[in-house]
1. Identify, by number, the condition in (1) at pLDDT below 95; (2) within 20 Å of Arg193 (Cα to Cα) that His178 doesn't meet.
2. Which of the residues belonging to region 24-49 are in contact (Cβ under 8 Å) with a residue 60 or more places away in the chain and closer than 18 Å to Lys112 by Cβ?
3. Of all residues in region 210-223, count the ones that are crowded, with 21+ Cβ neighbours inside 10 Å and either at pLDDT below 90 or within 17 Å of the chain's Cα centre (by Cα) (or both).
4. Out of all the residues in region 84-102, which are of a type in the set (A, V, I, L, M) and either within 13 Å of Ala42 (Cα to Cα) or not assigned by TED's automatic domain parsing to the domain that holds Leu64 (or both)?
5. Quick one: is Gly207 surrounded by 16 or more Cβ atoms within 10 Å (Cβ to Cβ) and either on the phi < 0 side of the Ramachandran plot or not assigned by TED's automatic domain parsing to the domain that holds His57 (or both)?
6. Would you say Thr223 is in a helix (DSSP H, G or I), touching a residue at least 40 places away in the same chain (Cβ under 8 Å) and of a type in the set (S, T, N, Q)?
7. Applying the selection to region 96-110, what residues are surrounded by 23 or more Cβ atoms within 10 Å (Cβ to Cβ) and either under 23 Å from Pro217 (Cβ atoms) or among the β-branched types (Val, Ile, Thr) (or both)?
Amino acid sequence: MPEEFPAAPAPAPKAWSGRFGEPVDALTKRFSASVDFDRRLAEFDVQGSLAHARMLHGIGVLSLDDLKAIEQGMPLILEEIQAGSFPWSLEQEDVHLNIEKRLTEMVGDAGKRLHTARSRNDQVATDLRLYARAAIDEMATLAADLQEALLDLAAEHASTVMPGLTHLQVAQPVTFGHHLLAYVEMLERDRGRLIDCRKRLNRLPLGAAALAGTSFPIDRRATAALLRWLRSPPRKVSPACGIAIILRRLLKILTLDRSSLLQQSVV
């Protein structure tokens, strides 16, 4: 039987409220909190935290009892999130602090020790890359499904004549099937771009800590293997700030060819 953990107690003071002599205004709390939208990273925060805990145990920082407690608590937190019963709190600002607080409520100080050799900077970067990697895998699958559908439709209309357009003007007679095959090729290019983007982001930021690494003898290769990263970057400063480039690249991939397909469908 798994150990039963206590329910969440009353909200604790905000993480940085000790810096102020008076309570933080409610509007300021909401403005500074990201938990309303970054909670979608919860699954990946749990994945990254479990890998980090196992690495910390491997280098002797976490005891076996701490590791077992964390490994038992994290899946229960994920269950609460998926069931809609997780006690999200604006006081804790973001998904990372919310999960860390709930874990500490469940397992005690082991939840606090999990943050050893880690900062929210590299933790956020890791979660975002895990999230983007999963999204890329899903998009690549959807693109392949759309290619199959277009190929089937193109076969049905191999002899259906239509005007071919260039610059939104009639140019040459073509078949509708031939026209659809152009989008099959575009989607293949998109899939190639997604695969390339995945390779670029598939590097482990965890270990960069707040900016330039940590004095703990962490094993980044072990963490990378647990999270199925291609490799860990040799530099410490860049991993925590490189995700914006990847997200811009993904946005371009998602908009260009779909815009063309919709435009010509209307015409």
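1. Failed condition: (2).
2. The answer is Asp45, Gly48, Ser49.
3. Number of matching residues: 1.
4. Selection gives Val95, Leu97, Ile99.
5. On the way: surrounded by 16 or more Cβ atoms within 10 Å (Cβ to Cβ): yes; either on the phi < 0 side of the Ramachandran plot or not assigned by TED's automatic domain parsing to the domain that holds His57 (or both): yes.
So Gly207 passes the test.
6. yes
7. Ile99, Val107
Residue-wise test of (1) touching a helix residue (DSSP H, G or I) at 6+ places or on another chain (Cβ under 8 Å); (2) at pLDDT 95 or above; (3) farther than 24 Å from Ser215 by Cα; (4) assigned to a helix (DSSP H, G or I).
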site	(1), (2), (3), (4)
Gly18	no, no, yes, yes
Glu22	no, no, yes, no
Phe44	yes, yes, yes, yes
Ala69	yes, yes, yes, yes
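The values are calculated or read from the model by the stated rules, or taken from the named source; none is laboratory data. It should be emphasised that the depicted structure is a prediction, and the values quoted were computed from it without experimental measurement. Note that each Cβ is placed from the backbone with ideal geometry, even for glycine, and that neighbours are counted across all protein chains shown.
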